[in-house]
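*Asks:* So that we are looking at the same thing, I have put the structure below in structure tokens.
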Amino acid sequence: MSDETHETHEPPQGPPRLILLTGTHRVAPGLLSWPAWQVLRATSAAGGRVLTGEADHPQLPYVREAGVDVTVVAAGPAPALARRLMADARTAPVLWLAGSDGDPELGAALAQAAAGAGAPGDLPAIEVVPGSWDLPGARVLDLVAVMDRLRSPGGCPWDARQSHASLVRYLVEEAYELVDAIDSGDRAHLREELGDVLLQVVFHARVAEEDADDPFTIDDVAGGIVAKLMHRHPHVFGDVVAETAEHVERNWEELKAAEKTERESVVDGIPLGQPALSLAGKVLSRTRRAGLDVPVPAVIAEPERVDADTVGALLLAVTELAGRHDVDAETALRAAALRHREAVRAAETAART
């Protein structure tokens, strides 16, 4: 990249100025933008002062190793710090290395200090230079850090004693609450419930990290799904052409089938713990896509129009029929789906012989 693409920060000229160098704790220490390094060196070269309020600021070792002297001062309340920085910057350039939290109250305090500082000509120029910034998904790192704190010694006793098994009920509950949020159309509710589901993933990954025999981390989880998504989207990450959603779905199923070559049946791998209706739908769809002719044991008269309303009405009628005869519809459908699964296996065995 050519030099013309970078903003150049020359040694401060003219009226002294106050520079706020901001950053984020979500970026590895030592990684600062090129303008940040320029302004650090320029301030030091011009006889200015580089200050920070954190003796353990993660950037300190790297800034000092680069030959920039940094002074740690007692930050104190934001209004007092703002007045001090404004006063110091009247006589020489001052660069404030913002704290790990970004010193969120300092900006407003500086504005208030400037408003009461007298004539504008007496004020130093104030410049904000981003030393680093968050990339999309950076806040997930905060969630991982919070979960680590909760599970570590000195954290939360309840969180620390949870296991994969004890967390299952919460995962199921949160998934259903997310479905309700989607149905409601309430965007704030949707955002909250997505967070609750994300917490379950991070929680399980943190528990897995502690396993003595086969540990894995959230990075392993994320890396696995990234690899799977790239492999199953060759029309995006490879040279396969897929012009329609139907073509993409066919490719997806072919790739899944190739990945699951160890499976003896098309119905292998279907999670049996899911609700009966989705279990039945998965068994039937797998059978249909495999081209197997395995009739269901009962036949209904197909209505003239088949859509969500008519299908829903038929399901409701069957549920009402079950209730009138003291039959639990969920249990009955699950049993029927499992019987059909075995019928599919039998048909596959017969076709191979």
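The numbers here are math on the coordinates, done by the rules we state, and not lab data. Note that the structure is predicted; figures quoted are calculated from it, not measured. Positions of Cβ are generated from backbone atoms using ideal geometry, with glycine treated the same way; all protein chains shown enter the neighbour counts.
*Asks:* For volume of the Cα convex hull per residue in Å³, the listed values are (1) 272; (2) 192; (3) 208; which was obtained by calculation from the structure presented?
*Replies:* It is the one labelled (1).
*Asks:* Quote the FRET efficiency, to the nearest 0.05, computed for Ala301 versus Phe237 with a Förster distance R0 of 35 Å and r equal to the Cβ-Cβ distance.
*Replies:* Working: r = 47 Å, r/R0 = 1.35.
Efficiency, rounded to the nearest 0.05: 0.15.
*Asks:* I've got another one for you. Given H placed 1.01 Å from N in the peptide plane, which residues other than close sequence neighbours of Ile126 have an amide H under 5 Å from its amide H?
*Replies:* Leu18
*Asks:* Continuing with this model, one more query. Using helices alone, I'd like the mean residue ellipticity at 222 nm for the chain: each DSSP H run of four-plus residues gives -39500 (n - 2.57), total over residue count, nearest 500.
*Replies:* -17000 deg cm²/dmol
*Asks:* Just grab the label-to-label distance for Ala28 and Ala335, each label 7 Å out from Cα along the Cβ direction, in nm (one decimal).
*Replies:* 5.9 nm
*Asks:* Given the Cα atoms of the stretch 291-333, and with Rh set as the inverse mean 1/r over their pairs in the Kirkwood sense, what is Rg to Rh to two decimals?
*Replies:* Using Cα coordinates only, the ratio equals 1.03.
*Asks:* Would you mind computing, in nm to one decimal, how far apart the modelled labels at Ile270 and Glu105 are, each placed 7 Å from Cα along Cα→Cβ?
*Replies:* Here the modelled spin labels are 6.0 nm apart.
*Asks:* May I pose another question? Would you mind checking which residues have amide H under 5 Å from Val50's amide H? H placed 1.01 Å from N; only 5 or more apart, or other chain.
*Replies:* Under 5 Å from the amide H of Val50 lie the amide H atoms of Thr71, Leu95, each far enough along the sequence or on another chain.
*Asks:* Are there any helices in the chain, counted as whole DSSP H runs, that stretch 18 Å or more along their axis by Cα and score at least -1.0 on average by Kyte-Doolittle, and if so which?
*Replies:* Details: long enough: 139-151 (19 Å, 0.55); 164-184 (30 Å, 0.21); 187-209 (33 Å, 0.10); 218-231 (20 Å, 0.84); 245-259 (21 Å, -1.34); 276-289 (20 Å, -0.06); 308-324 (24 Å, 1.01); 329-352 (35 Å, -0.33).
Sorted by number, the helices that extend far enough and score high enough are 139-151, 164-184, 187-209, 218-231, 276-289, 308-324, 329-352.
*Asks:* Here is a follow-up. Compute the FRET efficiency between Ala87 and Leu167 as 1/(1 + (r/R0)^6), taking r as their Cβ-Cβ distance and R0 = 45 Å, and round to the nearest 0.05.
*Replies:* Details: r = 55 Å, r/R0 = 1.21.
Result of the calculation: an efficiency of 0.25.
*Asks:* What distance in nm lies between label points placed 7 Å from Cα along the C-beta direction at Val140 and Thr244?
*Replies:* Using points 7 Å along Cα→Cβ, the separation is 3.3 nm.
*Asks:* In whole Hz, with x marking every Gly and Pro, tabulate ³J(HN,Hα) for the stretch 26-33 from phi via Karplus 6.51 cos²θ - 1.76 cosθ + 1.60, θ = phi - 60°.
*Replies:* Those phi angles translate into 7, 9, 4, x, x, 8, 10, 5 Hz.
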